[in-house]
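Encoded as C-alpha cells, the structure appears first; notes follow it.
The values are calculated or read from the model by the stated rules, or taken from the named source; none is laboratory data. Everything numeric here is computed off the predicted structure, so don't read it as measured data. Cβ sites come from the backbone with ideal geometry, for glycine too, and all protein chains shown count toward neighbours.
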Amino acid sequence: MDFAYSPKVKDMQARLLAFMDQHIYPNEARFLREIAENRARGNAWVPTAVIEELKPKARAAGLWNLFLPRSPRAPEGLSNLEYAPLCEIMGRVPWAAEVFNCSAPDTGNMETLERYASEALKDRWLEPLLRGEIRSAFLMTEPEVASSDATNIQCSIRREGDEYVINGRKWWSSGAGDPRCAIYIVMGKTDPEAGRHEQQSMILVPANTPGIKVLRPLTVYGWDDAPHGHMEVLLENVRVPAGNLLLGEGRGFEIAQGRLGPGRIHHCMRSIGAAERALELMCKRLNSRVAFGREIARQSVWQERVAEARCMIEQARLLTLKAAYMMDTVGNKVAKAEIAMIKIVAPNMACQIIDWAIQAHGGAGVSDDFPLAYAWAHQRTLRFADGPDEVHRNSLAKLELAKHLLLPREVEMPVTRGS
C-alpha cells in the first residue's frame, strides 16, 4: 500500500493550507461573534455571513465538493485516499468544512442521493446541494428506542396510493435547525413484518412539508451548534410522493450501511485535524509559560504527553489512510473492519489529546478564548455519531473471532489415557 500523496494532492494541500491561513483562522472570532449577535437579536439560527462570504472564494480556489468520488455531477471529487489529508486540514476548525461544501450531514446525504436516488430526484435535490445553495438533514435516530441498533426504529412509512404517509419522532437530526435546510432523508419502517433488516426504508421529505414540527434544539455540553443545530423533529401524517422513496421498500438498512461508511471515515479525518491543532496549541502554550521556576515544556509529565500525542496521531492517521485505500480499492464492505477500527480509534485519540491541551492551558482551556473546549465537545459526540464505540467494537470482535472458528473436522478429540 502506497500512501504517498500525489503531486495533485500536494498542490491542493498547499492551496488549502493557504486558504485556512488567509480566510479561516482570522475569522474564528468573527464566526462566534456573529452567532452571539444573532442570539442577542433573538434568533441564533440565522446563517453566519462569514461562511456565505467565504464559499465563493473556496469555489474560485478549486476547493469545492472534494469529497464525492466518481460522480459526473461533481468532477472535482477525489478518491477517499486523496481526500483524507485535505479533510484533515478542514478538521482543524469545526466549521471550516462548510466553507468548502464538505460538511456533514450534507456530504453523506449527497453521497446517498448520488448512489440511490433517481435522476429526477438528483436534479431536484442533489444539484442545489452540490452548488451549496441549500442544506439537508438526516433523520434516523429516535428518542424512544436504542438507536445504536437501527432495526429498533419505529417511525412508520406507510403506502397510501401514490403517496407515503410518515409518522414518527426523530432527534439528533443534525442540520435541521438551519433555515437553509430544505430536504430531509428519513429512515423508517415500511413493513414491520419483514425480515429484521428488510423492514426499513429511506425516503426524501422536503423540510416544508405539512405535518413537520421542529420541536427543539438539543445542546451538546451547553452548545446548541447554531445555526446548524441538532433538532428533535416530529412527523405527523407527513405525505410525500411515492417516487421519493430511495431504491425501494426494505432497502433502508442497505442504504444506511452505504451512507455511513464514507461518513464515518470523513469524521475520523477531521478528528485527526482537530488533534493536530490541539497538539500545536498545547506545545505553544507549554513553551510560553513558566511554573515553579522553569518552562512548563521542560517538565517531564508534559514531555511524556507531547510524545504520546504525536504517536497517537500518527497511528490514527496511518489507520485512516489504510481504511481510505481499502474503500477505494476493494469497497466499503470489504473495508468494514478498518472503518470500524478507525471510528473507534480517531475520536478517542482526539478527545485525549484535546483534553491534555485543555489541561495545559489551565482555566483558559475551558473558555471560549481558545477553540479547545468546543473542539472537545464536538469530538466527544463523535463517539456516538454514526454508531457508538460499543457497536463498532462488537462488530470488530465478531469479525476477528470469525477468523479463528474451528470447523467440525478441526475440533480435536479429547485425549484419554489407557488403563
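Is there a residue in the range 161-171 that is closer than 30 Å to Asp389 by Cβ, modelled with pLDDT under 95 and of a type outside the set (Asp, Glu)? No, there is no match, as no residue in the range 161-171 is closer than 30 Å to Asp389 by Cβ, modelled with pLDDT under 95 and of a type outside the set (Asp, Glu). Scanning the range 112-130 for residues that are surrounded by fewer than 24 Cβ atoms within 10 Å (Cβ to Cβ), in contact (Cβ under 8 Å) with a residue 12 or more places away in the chain, out of contact with any Asp or Glu (no Cβ under 8 Å at 6 or more places or on another chain) and not aliphatic (A, V, I, L, M) yields a count of 7.
Conditions tested, residue by residue: (1) in a strand (DSSP E or B); (2) at pLDDT below 95; (3) assigned by TED's automatic domain parsing to the domain that holds Pro227; (4) charged (D, E, K, R).
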residue: Glu53; (1), (2), (3), (4): no, no, no, yes
residue: Ala58; (1), (2), (3), (4): no, no, no, no
residue: Gly62; (1), (2), (3), (4): no, no, no, no
residue: Asn65; (1), (2), (3), (4): no, no, no, no
residue: Tyr83; (1), (2), (3), (4): no, no, no, no
residue: Leu86; (1), (2), (3), (4): no, no, no, no
residue: Ile157; (1), (2), (3), (4): yes, no, yes, no
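Within the range 379-408, no residue satisfies the criterion of being within 17 Å of Met341 (Cβ to Cβ), touching a residue at least 60 places away in the same chain (Cβ under 8 Å) and basic (Lys, Arg). Residues being in contact with a Phe, Trp or Tyr (Cβ under 6 Å, 6 or more places away or on another chain), surrounded by fewer than 23 Cβ atoms within 10 Å (Cβ to Cβ) and either within 30 Å of Phe31 (Cα to Cα) or not hydrophobic (A, V, I, L, M, F, W, C) (or both) are represented in the range 193-204 by at least one member.
Quick one: in the range 304-354, of everything that is touching a helix residue (DSSP H, G or I) at 6+ places or on another chain (Cβ under 6 Å) and not in a helix (DSSP H, G or I), which residue is surrounded by the most Cβ atoms within 10 Å (Cβ to Cβ)? So the residue we want is Ala335.
Scanning the range 282-301 for residues that are in a helix (DSSP H, G or I) and either surrounded by fewer than 20 Cβ atoms within 10 Å (Cβ to Cβ) or of a type in the set (Lys, Arg) (or both) yields Cys283, Lys284, Arg285, Asn287, Ser288, Ile296, Ala297, Arg298, Ser300, Val301. Listed conditions (1) within 22 Å of the chain's Cα centre (by Cα); (2) in a strand (DSSP E or B) are all met by Leu235, apart from (1).
Can you find even one residue in the range 24-32 that is in a helix (DSSP H, G or I) and within 22 Å of Pro128 (Cα to Cα)? First the steps, then the outcome.
If we filter the range 24-32 for residues that are in a helix (DSSP H, G or I), which is where we start, we get 24-32.
This time we only want the ones that are within 22 Å of Pro128 (Cα to Cα), so: none.
No, every residue in the range 24-32 fails to be in a helix (DSSP H, G or I) and within 22 Å of Pro128 (Cα to Cα).
If you go through the range 183-218 and keep only what is within 27 Å of Ala44 (Cα to Cα) and among the small types (Gly, Ala, Ser), you end up with Ala207, Gly211. Within the range 4-23, being free of Cβ contacts under 8 Å to residues at least 60 places away in the same chain and outside any helix (DSSP H, G or I) holds for one residue alone: Ala4.
Has the range 355-364 got at least one residue that is part of a helix (DSSP H, G or I), under 19 Å from His267 (Cβ atoms) and touching an Asp or Glu at 6+ places or on another chain (Cβ under 9 Å)? Among the residues of the range 355-364, not one is part of a helix (DSSP H, G or I), under 19 Å from His267 (Cβ atoms) and touching an Asp or Glu at 6+ places or on another chain (Cβ under 9 Å), which makes the answer no. Might you check whether a residue that is of a type in the set (Gly, Ala, Ser) and part of a strand (DSSP E or B) occurs anywhere in the range 222-229? Checked the range 222-229: no residue is of a type in the set (Gly, Ala, Ser) and part of a strand (DSSP E or B).
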